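Here's a structure for you.
The values are calculated or read from the model by the stated rules, or taken from the named source; none is laboratory data. The model shown is predicted, which means the values in this text are computed figures rather than measured ones. Cβ coordinates were reconstructed from backbone atoms using ideal geometry, including for glycine residues, and neighbour counts include every protein chain displayed.
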Amino acid sequence: MKISTAKVIAERIESGDLLAFGYVHSGFEPLFKSLNEFACSRDVDVFIHCVLRYTSEYLFPLDRIAPHFGGRFLITQIAPEQAGLLTGGNVDILPLPLSQVQRYLKESLRKRRVWLFSEISPPDGRGLCNTGYSALFPLSLYPECICVGLVNDKMPPTFGDTSLRAETFQYFVEMPSGLPFYPEPALTDAMMRAGQNAAHLIDEGATIQTGMGEVPYAVLRALSGRKNLRFQSGILPEEVMALIEEGCFTGKACCNVTNARSGRFYDWLKLNPAVEIRSLDYTHDVNLMSQQHGFTSINSAICVDLFGQVVLETLGSRQISGIGGALDYARASGNGNGKSIIAMTSTYGEENRTKIVPLLNSGEIVSLTRHDVNYVVTEFGVAELRHRSRQERARNLISVAHPKHREDLMRRAREIRLI
């Protein structure tokens with residue numbers, strides 16, 4: 001393995017190139033500083049799957065990097081803490097479900113050179129590197145791109161689409177040692193009750209997917225004691241480790257990236273045959289997931305209106321996140337014999353504002369249409385939307401809103417002639 005430098009790579013980047021990254025954290029900052037120093041005038045695009053919500057120590061410092069970087073950042077999902085950068089500068093959201101990442105990169109290859117930057121373990125005795133806690137890109141994509149291995153000697157090797165021969169990479173760059181961690185979720189009583197309500201909807205033998213957020217984590221905790229479940233998701237939270245150890249899941253738990261909150265989790269993940277880290281073209285394949293028995297997607301939301309339209313990405317017209325895999329999983333649930341569930345608390349903020357609203361505000365993006373969701377769950381119960389009329393949907397949603405908001409929601413529903 002011949003270690004290169006960011007300067008060498010930057011000098012070989014050409015105007016118009018696309019630099020593709022998967023999941024980034026604070027350990028990437030030195031690389032971007034070096035690229036900026038030597039390639040700041042290049043007209044390049046930087047594509048990033050997701051800026052995940054690691055702890056402040058490990059959060060990718062986009063706010064420090066972007067203002068001094070000559071290229072443009074295109075991100076499918078951004079951490080809310082950095083959403084203020086989406087104000088007309090060189091950071092923008094690429095509204096792309098994760099199932100479409102492979103197609104996007106393939107189509108980009110027809111027009112420009114694509115560099116893949118992959119965080120990897122050092123080569124082992126067989127000359128194999130490993131992408132560890134995530135599978136950034138489909139294996140078929142590497143031979144078509146210029147590949148840079150970002151060597152992290154702490155990376156735990158895993159099973160799945162994670163093993164790559166060292167000769168796959170044209171360049172190697174050393175990364176600062178260390179692995180990123182997520183914050184511990186602060187679960188309230190309302191979140192736990194919502195999680196318990198959603199868990200009651202999960203049938204025996206179902207394959208489940210959970211998104212990020214406290215309520216989906218609460219759903220997983222409520223599954224303790226269950227048996228014969230399967231897990232396939234974009235992200236694998238630490239709660240799944242406990243459920244696997246308890247024997248709740250059968251088969252291999254499958255994900256694209258893990259959600260580690262402790263060193264114990266990374267130790268557990270290392271070459272664990274109970275876990276497969278698969279690339280996005282597998283974990284987010286709608287047709288494949290819809291064929292799995294009882295595929296059940298569980299995601300949270302910013303708000304839901306009385307028609308059943310779901311907002312995941314915006315507050316008003318202000319973008320604070322991205323679609324991620326939520327649309328892929330909801331569609332997979334609807335195409336098969338599964339369930340698409342939105343699980344959330346009924347209110348938010350110190351003023352306890354309602355998340356169930358009469359109508360969406362101007363500028364809010366509909367992430368999931370009223371056709372994509374079967375159930376909306378809060379701490380007050382389950383609103384069934386599947387095969388329900390407009391009036392039934394509205395009444396069911398009002399019934400799981402916070403009691404102090406129900407009268408106003410009913411009044412507004414009558415005003416707009418929904419009830």
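Here are Gly89, Gly178, Gly149, Gly125: which of them is more than 20 Å from the chain's Cα centre (by Cα), more than 18 Å from Ile235 (Cα to Cα) and surrounded by 20 or more Cβ atoms within 10 Å (Cβ to Cβ)?
Only one candidate passes the filter, namely Gly149.
Also, quick follow-up: So for region 97-111 (the condition being within 18 Å of Ile365 (Cβ to Cβ), outside the structural domain of Asn256 (by TED's automatic domain parsing), out of contact with any Pro (no Cβ under 9 Å at 6 or more places or on another chain) and in a loop (DSSP other than H, G, I, E, B)), does at least one residue qualify?
Yes.
Residues Thr158, Thr87: which one is farther than 24 Å from Asp328 by Cβ, hydroxyl-bearing (Ser, Thr, Tyr) and not in a helix (DSSP H, G or I)?
Details: Thr158 fails: farther than 24 Å from Asp328 by Cβ.
Going through Thr158, Thr87 in turn, just one is farther than 24 Å from Asp328 by Cβ, hydroxyl-bearing (Ser, Thr, Tyr) and not in a helix (DSSP H, G or I): Thr87.
A further question follows. For region 330-381, name all the residues that are among the β-branched types (Val, Ile, Thr) and assigned to a loop (DSSP other than H, G, I, E, B).
Thr345, Ile365, Val366, Thr369, Val373 - these are the residues of region 330-381 that are among the β-branched types (Val, Ile, Thr) and assigned to a loop (DSSP other than H, G, I, E, B).
Shifting gears a bit: Are there any pairs, at least 6 apart or on different chains, whose C-beta atoms fall under 7 Å, with the first in region 181-208 and without any contact (Cβ under 8 Å) to a residue 40 or more places away in the chain and in the same structural domain as Ala383 (by TED's automatic domain parsing) and the second outside any helix (DSSP H, G or I) and among the aliphatic types (A, V, I, L, M), and if so, which?
Gln196/Ala222; Ala199/Ala222; Ala199/Leu223
For (1) in contact (Cβ under 8 Å) with a residue 40 or more places away in the chain; (2) more than 15 Å from the chain's Cα centre (by Cα); (3) outside the structural domain of Glu204 (by TED's automatic domain parsing), each residue gets a yes or a no:
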residue	(1), (2), (3)
Arg230	yes, yes, no
Ser233	yes, no, no
Thr250	no, yes, no
Asn256	yes, no, no
Ser262	yes, yes, no
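Tell me, which residue of region 272-295 that is in contact (Cβ under 8 Å) with a residue 60 or more places away in the chain and over 26 Å from Arg103 (Cβ atoms) is surrounded by the most Cβ atoms within 10 Å (Cβ to Cβ)?
Checked region 272-295; the qualifying residue surrounded by the most Cβ atoms within 10 Å (Cβ to Cβ) is Val275.
Any residue that is within 13 Å of Asn90 (Cα to Cα), surrounded by fewer than 18 Cβ atoms within 10 Å (Cβ to Cβ), touching a residue at least 24 places away in the same chain (Cβ under 8 Å) and of a type outside the set (D, E, K, R) - is there at least one of those in region 60-69?
Yes, some residue in region 60-69 is within 13 Å of Asn90 (Cα to Cα), surrounded by fewer than 18 Cβ atoms within 10 Å (Cβ to Cβ), touching a residue at least 24 places away in the same chain (Cβ under 8 Å) and of a type outside the set (D, E, K, R).
Here's a follow-up. So, in region 109-167, of the ones that are touching a Ser or Thr at 6+ places or on another chain (Cβ under 6 Å) and among the aromatic types (Phe, Trp, Tyr), which residue ends up farthest from Ser4 (Cα to Cα)?
Filtering region 109-167 for residues that are touching a Ser or Thr at 6+ places or on another chain (Cβ under 6 Å) and among the aromatic types (Phe, Trp, Tyr), the one farthest from Ser4 (Cα to Cα) comes out as Tyr133.
If you check every pair at least six apart or on different chains, which have Cβ atoms under 6 Å apart with a residue in region 364-391 that is in the same structural domain as Val304 (by TED's automatic domain parsing) and touching a residue at least 40 places away in the same chain (Cβ under 8 Å) first and a residue that is acidic (Asp, Glu) and in a strand (DSSP E or B) second?
Listed by first residue and then by second, the contacts come to Tyr375/Glu384.
Does region 347-396 hold any residues that are under 16 Å from Glu407 (Cα atoms), buried (at least 18 other Cβ atoms within 10 Å of the Cβ) and among the aliphatic types (A, V, I, L, M), and which are they?
Residues satisfying the conditions are Ile356, Val357, Ala394.
Right, another one. Find the residue count for region 321-341, including only residues that are surrounded by fewer than 23 Cβ atoms within 10 Å (Cβ to Cβ), under 15 Å from Arg370 (Cα atoms) and polar (S, T, N, Q).
Residues flagged as surrounded by fewer than 23 Cβ atoms within 10 Å (Cβ to Cβ), under 15 Å from Arg370 (Cα atoms) and polar (S, T, N, Q) within region 321-341 amount to 1.
Also, I was wondering about something else. Test of understanding: among Ser177, Ser118, Ser140, which residue is part of a strand (DSSP E or B) and of a type in the set (S, T, N, Q)?
On the way: Ser177 fails: part of a strand (DSSP E or B); Ser140 fails: part of a strand (DSSP E or B).
That would be Ser118, the only listed residue that is part of a strand (DSSP E or B) and of a type in the set (S, T, N, Q).
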